[in-house]
Amino acid sequence: ADLFNRELFNGQLPSTMLRLQNKKGCNGYYSPNKFIDAEGCELDCITLNSTTAVDRPLIELLSTLVHEQCHQYVCAIVNRKAATGGHGPEWRAEMQRLGLPPIRVGATWRGPATHSIDPDGLFARCFRTHAAELEAMPWQELARDAVRGRAKGLDKVRFQCPSCGQKAWARAAAELVCGTCTTPDRLVVMIPEFRSESGSDGRSTASRDHYPE
């Protein structure tokens, strides 16, 4: 967060508490003035979903961090903490500036939103420049067996983009969008591999015939 604040926001963002937390259905969110100390100083907070983090390429995970930093920028710098601005025009403009074109999920920008990653944008170039430093993150959260209360293996399957053929690995229940082919007007959903119910070799294949359009 400090690196992106320095490289992408000219160090303008205020100090921020970072949290990794299990948050179903959400990759991350920004909370202004979430914490307060004994002197009454308030601190913003950015939370990333710790359980989906293991399934996502690092560039995508950190793009979510910057997505939330854009919310913080609009709230703290543009609106001077008067309002977060949601996914309004100021936030969308900042995302475009950083090469993270915003994507509306619902009917309006009042609802949830995601983004794609422009490989030539500011964020992607910053990530490539500092890749070695950013890839040194040592901890990941294991999936938990709620019944037995102990960690068990993550049942990962291969996803493939039906347009460009790009592949990614994630849990079978994940819903992935191709960051290369998705545009502000069209979501391109990646297809999970097909797991057969029988077969001695245990292999799985992904075929367009296995899934409806």
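General observations
- Accessible surface for Arg92 stands near 60 Å², nearest 10, in the context of the full protein assembly shown (1.4 Å probe).
- Counting only protein chain heavy atoms and rolling a 1.4 Å probe, the accessible areas of Thr182, Thr52 rank, largest first, as Thr52, Thr182.
- Of the residues Asn33, Gln96, Asn22, the one whose Cα sits farthest toward the positive end of the charge dipole of region 16-96, with +1 on the Cβ of Lys and Arg and -1 on the Cβ of Asp and Glu, is Asn22.
- Extension reserve of the Thr108-Arg171 stretch, reckoned as 0.36 nm per residue once the Cα distance is removed: 19.7 nm
- Contour excess over end-to-end distance, with Cα ends at Cys26 and Leu58 and 0.36 nm allotted per residue: 9.9 nm
- By accessible area with a 1.4 Å probe, ligands and nucleic acids excluded, highest first: order of Cys164, Cys70: Cys164, Cys70
- Our analysis of region 1-141 gives Rg over Rh at 0.94, with the two radii drawn from alpha carbon positions and Rh computed by the Kirkwood formula.
- The modelled label-to-label distance between Thr183 and Ala83, using points 7 Å beyond Cα along the C-beta direction, is 3.1 nm.
- Centre separation in Å (Cα based) which lies between region 57-83 and region 103-137: 11 Å
- Accessible area of Met17 in the full protein assembly, 1.4 Å probe (Å², nearest 10): 70 Å²
- Solvent-accessible surface of protein heavy atoms, probed at 1.4 angstrom with all chains present, puts Asp55, Asp37 in the order Asp37, Asp55, largest first.
- Gain upon complete extension [Ser15, Ala38; 0.36 nm per residue less C-alpha separation]: 6.6 nm
The values are calculated or read from the model by the stated rules, or taken from the named source; none is laboratory data. In this text the structure is predicted, and so the values were computed from the model without any measurement. A quick note on method: Cβ atoms are made from the backbone with ideal geometry, for glycine too, and the neighbour counts reach across all protein chains shown. The protein model used for the area step is the full one, side chains on, heavy atoms only, and it has no ligands, DNA or RNA in it. Shrake-Rupley method; radii C 1.70, N 1.55, O 1.52, S 1.80 Å.
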